[in-house]
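The structure appears right after this line, and notes come after that.
The values are calculated or read from the model by the stated rules, or taken from the named source; none is laboratory data. Nothing here was measured: the structure is a model prediction, and the numbers come from that model. Note that we place each Cβ from the backbone using ideal geometry, even for glycine, and neighbour counts take in every protein chain shown.
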Amino acid sequence: MRRSPCWMLLLLIPASVASSAPLTDLTEAERWYREGHYSQAAEIYQSILRQGLSSGELYYNLGNCHYKMGQYGQAILNYERAERYLRDDPDLAKNQKLANLKVPDKIEPLPRWFVMQILLGIRRTLSLSGWARLFILSEWILAGGLIALMSLRRMAMRRWIARLFWGSAAIFLTSGIFLFSSHYAQSRTVEGIVTTGRVEIRSAPDENSTELFTLHEGAKVRVLRRLPGWAEIHLADGKQGWLPQEAFEII
C-alpha cells in the first residue's frame with residue numbers, strides 16, 4: 001500500500017479545517033491500517049474528507065481500507081475518485097484491477113469506430129487541467145509569435161518565427177478541441193458504482209416493473225437521469241434500466 005507522507009497531505013488541507021485535521025489523525029490512521037484495524041483507519045480518512053479535504057491519496061488509502069475489509073464496491077468507488085487526482089498512477093491502476101476482479105459482472109464495452117478509439121486515446125493522454133494548461137501555453141506562444149512576425153525585418157528570423165507560429169497555432173487549435181471535448185464529457189457524464197451486494201435492474205422506476213437483469217457490488221454504471229428514489233442507468237455493453245438510488249453512489 002503506497003501512501004504519501006502525512007505532512008504532504010496536510011499541505012492540501014484548507015486553513016479553515018487545518019486545526020481540526022492535525023497530523024496526528026493521519027499518523028493514527030496509518031497505525032490502525034498497519035495493525036489490521038481497517039475500519040478505524042477508514043473512519044479517520046472519511047472524517048478528514050468530510051471536513052473539506054479532497055485528495056487522491058486520501059481516496060486511495062480509503063479504497064485500500066475497504067478492499068481489505070472485503071467491501072469491493074466501496075473500494076472501487078474510492079479508487080475511481082482517486083483516479084481523478086492520480087492520473088496514470090501505476091499503484092492505483094494495479095489496485096483497481098485487483099478490485100474489479102472481485103466483481104461478478106463482466107461488462108464488455110460495445111466496439112467503437114477505429115478513428116473514435118484513436119481520438120479518445122489521445123484525449124485521455126492528458127487530464128482536463130492538462131489540456132487547459134497546454135491550450136494557455138500555446139495561446140501565449142501564438143501571441144508572442146504574432147508580435148515577433150510584425151516586429152522583425154530579417155527574413156531568416158521571420159521564417160523561423162513563422163514555423164513556430166504555425167506550429168503553435170496547430171497545437172492551440174488541437175488542444176482547444178480536446179479541452180472542449182474533455183470538459184463536455186466530464187460535465188455531462190455522471191457515473192456511479194453499485195455498493196449493495198446485488199440489485200435487480202428494472203424496466204421502469206417501479207418495484208413491480210419487469211426485472212431486466214442483475215448487477216452486483218462494484219459494477220460501474222452511467223447515470224442518465226434521476227427521479228425520486230430511482231435512477232435510469234446505462235452500461236458500457238448497451239444495457240439500460242432503472243435501479244434504486246440507495247443501491248449505488250456517484251463517483
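If we scan segment 150-161, do we find a residue that is modelled with pLDDT of 85 or more and closer than 30 Å to Glu249 by Cα?
No - not one qualifying residue is present in segment 150-161.
Filter segment 29-87 for residues that are among the polar types (S, T, N, Q) and not in a helix (DSSP H, G or I); which is modelled with the highest pLDDT?
The selected residue is Gln71.
Which count do you get for residues in segment 111-144 that are more than 24 Å from Arg84 (Cβ to Cβ) and out of contact with any Ser or Thr (no Cβ under 6 Å at 6 or more places or on another chain)?
8
Looking at (1) within 17 Å of the chain's Cα centre (by Cα); (2) touching a residue at least 40 places away in the same chain (Cβ under 8 Å); (3) not assigned by TED's automatic domain parsing to the domain that holds Arg123, which is the one condition that is false for Leu215?
Only one criterion in (1) within 17 Å of the chain's Cα centre (by Cα); (2) touching a residue at least 40 places away in the same chain (Cβ under 8 Å); (3) not assigned by TED's automatic domain parsing to the domain that holds Arg123 is unmet by Leu215, namely (1).
As an exercise: evaluate Gly121 against (1) part of a loop (DSSP other than H, G, I, E, B); (2) surrounded by fewer than 14 Cβ atoms within 10 Å (Cβ to Cβ); (3) not hydrophobic (A, V, I, L, M, F, W, C) and give the number of the one condition it does not meet.
(1)
Mind checking which residues of segment 208-251 are of a type in the set (Ser, Thr, Tyr) and either farther than 19 Å from Ile107 by Cβ or surrounded by 15 or more Cβ atoms within 10 Å (Cβ to Cβ) (or both)?
Listed by number, the residues that qualify are Ser209, Thr210.
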